[in-house]
Amino acid sequence: MLPPLLRARRGRAEADGGGLKTDRKQGIFLSNDTCFLGKDYNYLYIMAESADMEQLLTAFRKFAVHGDTKATGKDLTGKNWAKLCKDCKIIDGKNITGTDVDIVFSKVKQKTSRVINYEEFQKALEELAPKRFKGQSKEEALQSIHKLVEGREPTNVGVTKVAKTPAVDRLTDTSRYTGSHKERFDESGKGKGREGREEIVENTGYVGAYKNAGTYDTKVKAEK
């Protein structure tokens, strides 16, 4: 009887129109060459699909450089590891919590290090997989947790949100401005530019507060 993982992988290959192919010297392969079972049935070698592993590595690198322009993408800090677990929904608040991911991070990293490399990152996922996907086999759980991470990137990249609070509203409501600040905006709240910042002197012969400038000639002509 074939081991469960090979049977599962065989089913996947057959669903894709493949099946098993054999080699008397080397054993049994899946048609997509992702699994190999030694002919003595004692050793099972798994070759992960290159595309999926590439997506996993890409996700690792994106989270590794998040928030640090000097980061090389080769190491993941504890903070960014926690963000990855949160953004990729590894942390579900039920089976996996923030405390769980912190413990695993400390477990897989070097004692004197504050970061983990890609190999240690994979070990961390392997540690969390059975707990995150209870009821699945170890291999199935690992595949499931990889799927959560593959192709993902940090959320809110380069986005700064303005907090909406009563205090902020009061500070940005131009209708409440007084004094010289009030003169810098029109009724719609649009800034007046230089006119609102400086007192522009006009040599018209009228005092600044006079509202009927330019109407004298019109009034005289009307009276005649």
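Numbers for the structure displayed
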item: Length added when fully stretched, T58-K86, from 0.36 nm per residue minus Cα-Cα; result: 8.4 nm
item: Against the rule of thumb 2.2 N^0.38 Å, how large the Cα Rg of the stretch 63-105 comes out; result: 1.20
item: The stretch 66-116: relative contact order in percent, alpha carbon pairs under 8 Å with at least 6 residues between; result: 41
item: Distance violations [Cα-Cα > 29 Å] among K70/K131; K74/K134; K89/K111; K62/K107; result: K70/K131; K74/K134
item: Formal net charge of residues neighbouring F60 (Cβ-Cβ distance under 11 Å; K, R +1; D, E -1); result: -2
item: Neighbour net charge for G93 - beta-carbon separation under 12 angstrom, K R +1, D E -1; result: +2
item: Those residues of the stretch 91-116 whose amide nitrogen sits under 20 Å from the label point placed on K70, 7 Å along Cα→Cβ; result: 113-116
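Readers should treat all values here as calculations from the given coordinates under stated rules, not as data from a laboratory. These numbers come from a predicted model, not from an experiment. Please note: Cβ atoms are built from the backbone with ideal geometry, for glycine as well, and neighbour counts cover all protein chains shown.
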